[in-house]
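The structure under discussion appears below in the form of structure tokens.
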Amino acid sequence: MTGNTLARVGTSNDFMAALCLNGVSIRRDEDGRYSFNDFHEAAGGAAGDSPNHFLRLKNTQKLIAELEEQTAHICVVSTEGRNGGTYGHENLVIAYAAWISAKFYAHVLQTFKEAAIAKLNAERPAPTPEPQVIEDKTMARVSKAIIVLDLLAGSKSYGLTQAEHRNGVHKLIRSHGLPTDMLPAPTDDTYSDEGSATHLLKSAGRCLPVPRFFKLLEEAGIVYHFSRPSTKHKNVLKHSWRFTTEGMRYGYDERVGRSKDYTCLFYVSKFTELLRLISPGYHRLVASGEYKPKWPKAENAEHAEAYRKKMERATQQCGVRDAAYRIEDVR
């Protein structure tokens, strides 16, 4: 507010702000009480606004008694000499400002508010600068995933070959849109091809619906249900399937465009092994009557051949190699 300033002054207190109201510096005594005389001068110095008139009021006397009972200190003192005058408790001089006028009262409140903020700023320690982030989130995720591949390569349970490990790193880095120019060339081995669940199930002639397929994978510990808050709608969750650490042997998560969603891509050479893994769960569903296949197992080869021919025609028409590999899985 115009006419208000704050300055630090040396006193017996840890911090004391010298107030300035309308160009008048407000003095304080050793106990932190404020000068009524200075407040009177800042308000215009009218004879009718004298502190003596205010202090003689019955309500003022009651306020003084209450403040002294609460603080156990003398709230009003009068001194003589160079810095003489009448000094009062903060709450008392604020009440004095309100007695003079509403405008002056609001002016005083604002000034005290600024003084409180200045005190907090003076006592607040300087903020510690945050360390510079060297890696972005994408690089951090890729680094962690490569560590997992290294662990799988040395695991007795998994025992990835050198070629499997190399191709796994290639798939991982490509799935995050990062360049692979500096890496050793991938080999035509275990991880040389991949596809969506929809495509590979149809290629195998299986009539198992994709949602049931993922449920069986979840039971086997290969995938888990991942949920995240929607970036466009409040209180809405987006759901997708993600590979577990064990599931990384059978495929990897690929980001869908520039979104935060992923789709599961399965390694072709591992898909038959994966079908054997979920076979007990599949037969349980059929035996319980919970799921009834559209055609018998004996017709799988026939349906697989029909799908292969269909994809060959689609590939010839659109000229896109991965016409089937980017079919989005039904969640």
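Every number here is computed from the coordinates shown, using simple stated rules; none is lab data. Remember, it's a predicted structure, so these values are computed and weren't measured experimentally. Neighbour counts run over all protein chains shown; Cβ positions are idealised from the backbone, glycine included.
So the values come out like this:
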| quantity | calculated |
| --- | --- |
| Per-residue Cβ neighbour rank within 10 angstrom, fewest leading, K238, K62 | K62, K238 |
| Stretch gain in nm, segment A98-T245, where the contour uses 0.36 nm per residue and the Cα spacing is subtracted | 45.9 nm |
| Cβ-placed point charges (K, R +1; D, E -1), dipole of the stretch 5-123 about Cα centre in debye, nearest 20 | 300 |
| Cα-based equivalent ellipsoid of the stretch 5-123: semi-axis lengths in Å, sorted from largest, via gyration tensor | 21, 17, 15 |
| Ascending count of other beta-carbon atoms within 10 Å, so fewest first, for L19, L63, L237 | L237, L63, L19 |
| Which of L21, L57, L277 has the fewest Cβ neighbours within 10 Å, and the rest in rising order | L57, L277, L21 |
| Restraint check, K238/K294; K202/K270; K215/K294; K202/K309, Cα-Cα greater than 23 Å | K238/K294 |
| Loop-located GluC sites (Glu not before Pro) in the stretch 44-90 whose Cβ has at most 16 other Cβ within 10 Å (DSSP) | E80 |
| Most to least packed among 120-126, 40-46, 252-258 [average Cβ atoms within 10 Å] | 40-46, 252-258, 120-126 |
| Virtual spin-label span in nm between K113 and R255, 7 Å along Cα→Cβ | 4.6 |
